[in-house]
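Notes follow the structure.
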Amino acid sequence: MLLETIRDNINEVIIGFDGTPATSDDGGTGRPAMTLTPTITIVDDATLLVEAIVPQTQAFNEAIKEVYLQLRNTNDFTPVGRFTVKPISKTTSNEVKIEITIEVA
């Protein structure tokens with residue numbers, strides 16, 4: 001099943017500070033801030049939900065402006081998707097939950 005293949009090929013969510021538009025030529029995260037391990041759920045026959053949490057104990061001086069999904073193995077990484085987001089301020093007063101829905105037609 002295609003959804004299972006996509007689910008099995010995402011094992012890292014990287015948040016970063018680069019807010020430039022995501023393009024098909026991207027090779028990775030610009031100015032990465034933190035790597036998270038996602039929870040991925042098959043919602044229905046056409047939808048995946050990718051979730052990752054930035055813990056309350058983590059804080060950044062800059063706003064989070066991108067989310068990057070990838071498959072990393074011992075030798076290399078494979079990009080899955082890069083998304084620019086509205087700036088998120090992350091202090092020790094909040095917890096940030098990243099949720100990305102992927103629909104497969």
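Got at least one residue in the range 68-85 being modelled with pLDDT under 95 and over 25 Å from Val104 (Cβ atoms)? Scanning the range 68-85 turns up at least one residue that is modelled with pLDDT under 95 and over 25 Å from Val104 (Cβ atoms). Does the range 30-45 contain at least one residue that is more than 23 Å from Glu103 (Cα to Cα), modelled with pLDDT of 95 or more, over 14 Å from the mean Cα position of the chain (by Cα) and not acidic (Asp, Glu)? No - not one qualifying residue is present in the range 30-45. Restricting Asp8, Asp45 to those that are without any contact (Cβ under 8 Å) to a residue 12 or more places away in the chain and not β-branched (Val, Ile, Thr) reduces the list to Asp8.
The values are calculated or read from the model by the stated rules, or taken from the named source; none is laboratory data. Quick caveat: nothing in here was measured; it's all calculated off a predicted structure. As a convention, Cβ positions derive from the backbone with ideal geometry for all residues, glycine included, and neighbour counts pool all protein chains shown.
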